[in-house]
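The values are calculated or read from the model by the stated rules, or taken from the named source; none is laboratory data. Bear in mind the structure is a predicted one, so any value in this text is a computation, not a measurement. Positions of Cβ are backbone-derived with ideal geometry, glycine not excepted, and every protein chain shown enters the neighbour counts.
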Amino acid sequence: MSTKGFSLQFSKRSRDGSGKATLILQEGATPGVLFEIAKSDLAALDRAEGAGKGYDRADDFRVENAVTREQITATTYLASAPEADLKPFDWYLALVIAGAHHYAFGDQYLAELRLIG
């Protein structure tokens, strides 16, 4: 999957002052993975993601299958008030990089992630 017109940034302020991941409207495309969950689990996911407390849930987020080019509507969480110049903790960035490596997002994207921080 990819999100055209969005880039990954760590500009959502966490309670600990670090930057957490969010998508920001910006030219380009960000790779990602979709997970299917039951609608009955959305309330629990809202609590876990902090919906209404720094993240807004977007239920009409458009993504594109990178192979088939099929357009899909998905749910995601976007920072309510993104702040520039926030930095993720090393362990958090390492987790994002590990995920990008696991899902084979490519060497160029991995290199871009490694430059953050």
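Table: residues versus (1) at pLDDT below 95; (2) of a type in the set (Gly, Ala, Ser).
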position: ASN65; (1), (2): yes, no
position: THR68; (1), (2): yes, no
position: TYR77; (1), (2): no, no
position: ASP85; (1), (2): yes, no
position: LEU93; (1), (2): no, no
position: ILE97; (1), (2): no, no
position: TYR103; (1), (2): no, no
position: ALA111; (1), (2): no, yes
position: GLY117; (1), (2): yes, yes
If you scan region 43-63, which residues turn out to be touching an Asp or Glu at 6+ places or on another chain (Cβ under 9 Å) and over 23 Å from ILE97 (Cβ atoms)?
-> GLY52, ARG57
Which pairs have Cβ atoms under 9 Å, sit 6 or more apart or on different chains, and link a residue in region 90-117 that is under 16 Å from GLN9 (Cβ atoms) to one that is surrounded by fewer than 13 Cβ atoms within 10 Å (Cβ to Cβ) and charged (D, E, K, R)?
-> LEU93/ARG114; ILE97/ARG114; GLY117/ASP90
When (1) touching a helix residue (DSSP H, G or I) at 6+ places or on another chain (Cβ under 7 Å); (2) part of a helix (DSSP H, G or I) are applied to GLY99, the one that fails is (1)
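Of all the strands (runs of 3 or more DSSP E) wholly in region 1-92, which have at least 1 residues that are small (Gly, Ala, Ser) and surrounded by fewer than 16 Cβ atoms within 10 Å (Cβ to Cβ)? Outline the logic, then answer.
Numbers: elements: 2-13, 19-31, 55-64, 71-79.
Of the strands (runs of 3 or more DSSP E) lying wholly inside region 1-92, those with at least 1 residues that are small (Gly, Ala, Ser) and surrounded by fewer than 16 Cβ atoms within 10 Å (Cβ to Cβ) span 2-13, 19-31, 55-64.
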